[in-house]
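J.: What follows is a structure written as structure tokens; I'll ask about it next.
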Amino acid sequence: MINAWRYRQPTEIIFGRGERAQLPDLVARFDGPAVLVTDRALADLPIIADLRERLGEGVPIFAEVEPNPTVSMVDALAEVLRANGATVAVAAGGGSSLDCAKAACSVALQDGSARGYHSEGAALDARHLPLIALPTTAGTGSEVTPIAVLDDPEKGVKAPLVHDNLFPTVALVDPELTVSMPRPVTASTGFDALAHAIEGYWSRNHQPMCDLFALEAVRLVFRHLERVLADGADLEAREGMSMAALLGGLAFQAPKNAAVHACSFPFSATYHLPHGTACALTLDHFIRFNGPDLGERGRALARAAGCADMVQLADEVARMKAEAGLPTTLGEVGVTAEDIDALVEASFHPLMDNNPREVTPAALAGIYRNML
Ligand SMILES: [Fe+2]
């Protein structure tokens, strides 16, 4: 029996090398003025200079986004959007810039602070500024999801804010914007794309539309990730990974992620791993754990990666992870045997309930001990 399902994707998607040339026309569609949003690490790079030139020299820029965007960063951006009378925001960056802009485009038209909607749980209404999202990494899929992962350090809450009005208005995916990504970021974000595809596919809420995106995303990662890690200037491989990330986003936005993402949160919050690296850490272990419960669906997933079954898929993911230079043991990220109980407890985010095979605290402790 197929689960009952709903699929909604209001974001207009424009994909292709050089398609950032459409930016001025897109901004004009929303009657400008625009504000350009990016993160500190990108602000001085030629790709941002290129976008500023296309938007016109006077375009205001908010380049204050840092990794793990906070609710106060969202409030600061919302204030800049209001102060400039912006009718549209243009966000160029990785998941942090896109998520911060998604939340700020809503908060700018509503009352109060982002904190009220995030850690205090008030409901956003439907008002939001249009957002044009240009990913400069290939992994998060944030350009097509209604999710903004935000941190509230004062309350010690890092969690996804999820609302239908957080879908960007336009996803402008130009693979040329990803060429300057350093190898470690390419590796980490590439595994995030793979984790989205696999988790959307095996989520308890899996559905046929998202399955198609997931299987194609897996195929593309296996065809292009190692190529792009060997040569970051390989535009065909960059294009393949941008497509994989986009399809990975489409694959999980409705079914949502599962155990791999649930476990990634403490690895990011406590052990400071980049998000994709934190996902990669447990991905092959959960492929082994879930494989026996997935039957023919598991074999179809493995075949998309060019593997015979889930065991071989887990072996391949483990090999690729090691060759990409990502950590493969808990020891490498600073976890000791004494830390496992606390780590298990911190890993039970609600996404754990989406996992196809029930994860008990004892089973997770066993997985973590095997990873020491
Ligand atoms: Fe992710």
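Values quoted throughout were computed directly from the atomic coordinates according to the rules given, and no laboratory measurement underlies them. As the structure is a prediction and not an experimental result, all values here were calculated from the model. A quick note on method: Cβ atoms are made from the backbone with ideal geometry, for glycine too, and the neighbour counts reach across all protein chains shown.
J.: If the cut-off is a Cα-Cα distance under 19 Å, which lysines reach LYS158, setting aside same-chain residues fewer than 8 apart in sequence?
T.: LYS102, LYS256
J.: Oh, and also: Determine, for each peptide in 200-213, 249-262, 5-18, 321-334, the mean count of other beta carbons within 10 angstrom over its residues, then list the peptides with the highest first.
T.: Descending packing order for the listed peptides: 249-262, 200-213, 321-334, 5-18.
J.: Something else now. For ASP231 and ASN370, FRET efficiency with R0 = 25 Å and r from the beta-carbon atoms, rounded to 0.05?
T.: After rounding to 0.05, the efficiency reads 0.15.
J.: Calculate one ³J(HN,Hα) per residue across the stretch 40-45 by plugging θ = phi - 60° into the Karplus curve 6.51 cos²θ - 1.76 cosθ + 1.60, and present them in order as whole Hz with x for glycine and proline.
T.: Listing the rounded values in order: 3, 5, 9, 3, 9, 7 Hz.
J.: Here is a follow-up. Cβ under 11 Å from TYR271's Cβ, TYR271 left aside: what net charge do those residues give with Lys, Arg +1 and Asp, Glu -1?
T.: With Lys, Arg at +1 and Asp, Glu at -1, the neighbours total -2.
J.: When ranked by the protection proxy of mean other Cβ atoms within 10 Å per residue, highest first, what sequence do the peptides 179-187, 266-274 form?
T.: Put in order of decreasing packing, that is 266-274, 179-187.
J.: Kindly list the residues of the stretch 83-109 that lie in the label zone of ASP31, defined by a backbone N under 19 Å from the point 7 Å along the Cα-to-C-beta vector.
T.: Once the point is set 7 Å along Cα→Cβ of ASP31, 83-90, 105-106, 108-109 turn out to lie under 19 Å by backbone N, inside the stretch 83-109.
J.: Under the classification rounded if a/c is under 1.5, otherwise prolate if a/b is larger than b/c and oblate if not, where does the stretch 37-140 fall, given a ≥ b ≥ c as square roots of the Cα gyration tensor eigenvalues?
T.: In terms of gyration-tensor shape, prolate.
J.: Let me check I've understood the local charge: for LEU351, count other residues with C-beta under 10 angstrom from its C-beta, Lys and Arg +1, Asp and Glu -1. What total comes out?
T.: -1
J.: Given axes a ≥ b ≥ c from the Cα gyration tensor, I'd like to know whether the stretch 97-167 is rounded (a/c under 1.5), prolate (a/b larger than b/c) or oblate.
T.: oblate
J.: How far apart, in nm, are two points set 7 Å out from the Cα along the Cα-to-Cβ line at ALA63 and at ALA346?
T.: About 3.3 nm separates the two model spin labels.
J.: Follow-up. Taking the chain as a Gaussian network, Cα atoms linked when under 10 Å apart, which of ARG238, ARG20, ARG40 shows the biggest mean-square fluctuation?
T.: ARG40
J.: Between beta-carbons, use under 14 Å as the cut-off and find the net charge around GLU19, counting Lys and Arg +1, Asp and Glu -1.
T.: Local charge sum for GLU19: -3.
J.: Right, another one. Can you give me the distance in nm between label points at ALA4 and MET209, each placed 7 Å from the Cα along the Cα-to-Cβ direction?
T.: With each label placed 7 Å out from Cα toward Cβ, I get 1.6 nm.
J.: From the backbone phi of the stretch 242-247, what are the Karplus-calculated ³J(HN,Hα) couplings (6.51 cos²θ - 1.76 cosθ + 1.60, θ = phi - 60°) in whole Hz, Gly and Pro given as x?
T.: The phi angles translate into 4, 5, 4, 5, 4, 5 Hz.
J.: Another question, then. Using 7 Å Cα-to-Cβ label points, what is the ASP44/VAL157 separation (nm, one decimal)?
T.: With each label point 7 Å from Cα toward Cβ, the separation is 3.7 nm.
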